[in-house]
Ligand SMILES: O=C(O)C[C@@H](Cc1ccccc1)[C@H](O)SCc1ccccc1
Ligand code: NI
């Protein structure tokens, strides 16, 4: 897996809107999709992650590996070790079609593979979203996600428009939140 771009690198890719991906996928974009998902699978495998010192990830967007294209892998494990993943796919040209008024945030705050430091605070996101995207076969998919999977996908789609999680944190009162914000643990 190529180096993951950090927000402290002088690389504008993390702050640039990514370009639409054309189908049929170029060989480069097919390989990119495979590398993104492979990183997530390896990072969630204790032995491999230890051996290659990988930070665990449930999502990885193309700009994070210096490719400014609208593509992100998402791999959210199931409840238990042997369960099927809760969500696993490479999202190409993803678009949020609708989003709940209800907002939610991870009670622990968020992290990012491109941010090598803790940035405490709630990151308010939509608790439910309807997502449309193309899969690697070019088929258009439409899925409704809620709670943690919805949070992860919104974090990844932010990477495709040059937004990082801490942009959403109220720096004066990082743990300030409206009464109706759902805190997910
Ligand atoms: O940097 C990335 O985009 C990957 C993030 C995605 C993410 C972080 C926080 C909240 C939602 C999505 C990494 O997965 S951060 C590390 C991590 C690993 C396992 C579980 C949660 C967070
Ligand atoms: Ni991130």
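The values are calculated or read from the model by the stated rules, or taken from the named source; none is laboratory data. Worth saying up front: this structure is predicted, and the values here are computed from it rather than measured. No Cβ is skipped: glycine too gets one built from the backbone with ideal geometry, and neighbour counts run over all protein chains shown.
Checking 75, 36 one by one, the residue that is free of Cβ contacts under 8 Å to residues at least 60 places away in the same chain, under 24 Å from residue 162 (Cβ atoms) and in a strand (DSSP E or B) is 75 and no other.
Any residue in the stretch 83-93 that is outside any strand (DSSP E or B), farther than 20 Å from residue 63 by Cα and in contact (Cβ under 8 Å) with a residue 60 or more places away in the chain?
So far as the stretch 83-93 goes, yes, one or more of its residues are outside any strand (DSSP E or B), farther than 20 Å from residue 63 by Cα and in contact (Cβ under 8 Å) with a residue 60 or more places away in the chain.
Here the condition is being at pLDDT 95 or above, within 12 Å of ligand 1 (Cβ to nearest atom) and under 13 Å from residue 153 (Cα atoms); of 61, 107, 56, it holds for 61 alone. So, in the stretch 94-114, of the ones that are touching a residue at least 40 places away in the same chain (Cβ under 8 Å), part of a strand (DSSP E or B) and crowded, with 16+ Cβ neighbours inside 10 Å, which residue ends up farthest from the chain's Cα centre (by Cα)? Looking at the filtered set, the residue picked out is 103.
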